[in-house]
Amino acid sequence: MISEEIYHRFARNIQGGAGWTDRRFSRFHGLPKEARYLLCTDVLEFEIANGGLPQLLWNTYFHWRWLLLVCEGAYSLFGADAQKRAIPEFRRLLDAHDSRCRARILESVATGKFRYFELWMEEANPTLQSEKEKLFYSGAHLQPLKEAWFVANEARIRTWLGAKWPERGSAE
């Protein structure tokens, strides 16, 4: 599958450095938009399936706005219209919970205790939910839709797979 080749190339060349929970995360700077689309939509779908919108907000805190913007463009390109239409609601919900999440993150960093994540999840779960989350679960069949887009655009993707990528750990 072409998406596996993208991940293989990503792991071999640039994975490393600051992650999603770090302000210095590179946001995959220097990667073609198609690679960012795959990587970002996979993160969004994984976080929602793993713990819903509270988990997404916590684990992408410094970059969630950018992530949603990238995913909105990606889902439009992939033809995942229902998912694209869900993004504005997610943006509104995450924005409403942003400051409280930040406070819990700062408590967690200051004390070095994971307990604050658990408290955050307990606090946020009752109000930071959307029926549209299920559009991003594995049963929504997004992976085949995305893979079909990548297969249909394989020639262009192979061109940038063969191009020079930023060095491992580079923010470039």
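The values are calculated or read from the model by the stated rules, or taken from the named source; none is laboratory data. These numbers come from a predicted model, not from an experiment. Heads up, the Cβs are rebuilt from the backbone with ideal geometry, glycines too, and the neighbour counts pull from every protein chain shown.
Considering Leu44, Leu38, the condition of being of a type in the set (A, V, I, L, M, F, W, C), touching a Lys or Arg at 6+ places or on another chain (Cβ under 9 Å) and part of a helix (DSSP H, G or I) is satisfied by Leu38 alone. Within the stretch 37-54, residues that are at positive phi reach partners that are among the small types (Gly, Ala, Ser) and modelled with pLDDT of 95 or more with beta carbons closer than 9 Å, at six or more positions or on different chains, in the pairs Gly52/Ala124; Gly52/Ser130. Report whether or not Ser76 is over 16 Å from the mean Cα position of the chain (by Cα), assigned to a helix (DSSP H, G or I) and among the small types (Gly, Ala, Ser). No; evaluated as a whole, the condition is false for this residue. In this structure, is Glu167 modelled with pLDDT of 90 or more and either in a loop (DSSP other than H, G, I, E, B) or surrounded by 12 or more Cβ atoms within 10 Å (Cβ to Cβ) (or both)? Judged against the criteria, Glu167 is not a match. If the condition is being surrounded by 11 or more Cβ atoms within 10 Å (Cβ to Cβ) and of a type in the set (S, T, N, Q), then the stretch 114-142 contributes Asn125, Thr127, Gln129, Ser130.
Yes/no matrix, rows are residues, columns are (1) part of a helix (DSSP H, G or I); (2) among the small types (Gly, Ala, Ser); (3) modelled with pLDDT under 95:
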residue: Phe62; (1), (2), (3): yes, no, yes
residue: Trp66; (1), (2), (3): yes, no, no
residue: Arg91; (1), (2), (3): yes, no, no
residue: Asp98; (1), (2), (3): yes, no, no
residue: Ala103; (1), (2), (3): yes, yes, no
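With respect to (1) in contact (Cβ under 8 Å) with a residue 12 or more places away in the chain; (2) more than 22 Å from Ile157 (Cα to Cα); (3) part of a helix (DSSP H, G or I), the lone exception for Arg24 is condition (3). Residues in the stretch 66-89 that are out of contact with any Ser or Thr (no Cβ under 8 Å at 6 or more places or on another chain) and among the acidic types (Asp, Glu): Glu72, Asp81.
Of all residues in the stretch 110-162, those that are assigned to a loop (DSSP other than H, G, I, E, B), in contact (Cβ under 8 Å) with a residue 40 or more places away in the chain and among the small types (Gly, Ala, Ser) total 1. Within the stretch 29-40, the set of residues being touching a Cys at 6+ places or on another chain (Cβ under 9 Å) and farther than 16 Å from Tyr61 by Cα comprises Tyr37 only. Could you tell me which residue of the stretch 51-60 is nearest to Ala86 (Cα to Cα), considering only residues that are in contact with a Leu (Cβ under 6 Å, 6 or more places away or on another chain) and in a helix (DSSP H, G or I)? Filtering the stretch 51-60 for residues that are in contact with a Leu (Cβ under 6 Å, 6 or more places away or on another chain) and in a helix (DSSP H, G or I), the one nearest to Ala86 (Cα to Cα) comes out as Leu53.
Any residue at all in the stretch 41-50 that is surrounded by fewer than 14 Cβ atoms within 10 Å (Cβ to Cβ) and within 13 Å of the chain's Cα centre (by Cα)?
There is at least one residue in the stretch 41-50 that is surrounded by fewer than 14 Cβ atoms within 10 Å (Cβ to Cβ) and within 13 Å of the chain's Cα centre (by Cα).
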